Amino acid sequence: MQEQAKYMTGWADANIHEFLLAMEKPSSSMAYALITCLDSNLGIGALASVAKHFDDVRSKPRVVGKGLSLTTRKLLDAERRERIFFGFDEIWFSAKPITLTKPKGLVITGPERLRSELVDEHCGWLDASGCTLGLGDGTGMNFCLRVRGLAKRIVSALNEACEATESTVLLR
């Protein structure tokens, strides 16, 4: 019997722009991205048709609710050509295209740190949409990560160590 994935939350002293620039190519579990907030604007779907940042990805993106779904490769290419993410942004990654509208109450941008209870309330959407990672920045970067097995144990151990030392990366 396969162990059920658990979503863990955390915080890092980083931002989405830095995260994307550090990624050489997306893993198969992050093949697709759903952008749900740019610079505190939660209406990305409407913005995509007019924003110059999306010129190179406009031909293939798909509006999902108020978000914009596209391949992570296209997103990385666009971010490297001209910066899209400047802060107070939110993005979700999945192995398959996310087709379900993100719940209104699930917002992981800062400046507050992400509460694990918020993620627990929305596990149904996270599971159904296949999300493997959610990032929300503002003052640092919140994240929501699907983990199981050995990875879950490692993240839990890092969480305990971070809480004990008040490190700059906090996992819950």
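With respect to the cross-link table entries K74/K96; K6/K102; K25/K96; K6/K96; K66/K96; K74/K104, which display a Cα-Cα separation exceeding 23 Å? Provide the component values of the computation, followed by the final result.
Working: K74/K96 14 Å; K6/K102 18 Å; K25/K96 16 Å; K6/K96 19 Å; K66/K96 18 Å; K74/K104 26 Å.
Those over the limit are K74/K104.
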Amide H to amide H, which residues 5 or more places from G65 or on other chains are under 5 Å from it, using H placed in the peptide plane? none
Point-to-point label distance, A157-A14, nm (Cα→Cβ direction, 7 Å offset): 2.0
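In nm, what is the difference between 0.36 nm times the number of residues separating V63 and N41 and their Cα-Cα distance?
On the way: separation 22, 0.36 × 22 = 7.92 nm, distance 1.48 nm.
Length gained, V63 through N41: 6.4 nm.
Read the figures in this text as sums done on the coordinates, not as results from a lab. Remember, it's a predicted structure, so these values are computed and weren't measured experimentally. Cβ sites come from the backbone with ideal geometry, for glycine too, and all protein chains shown count toward neighbours.
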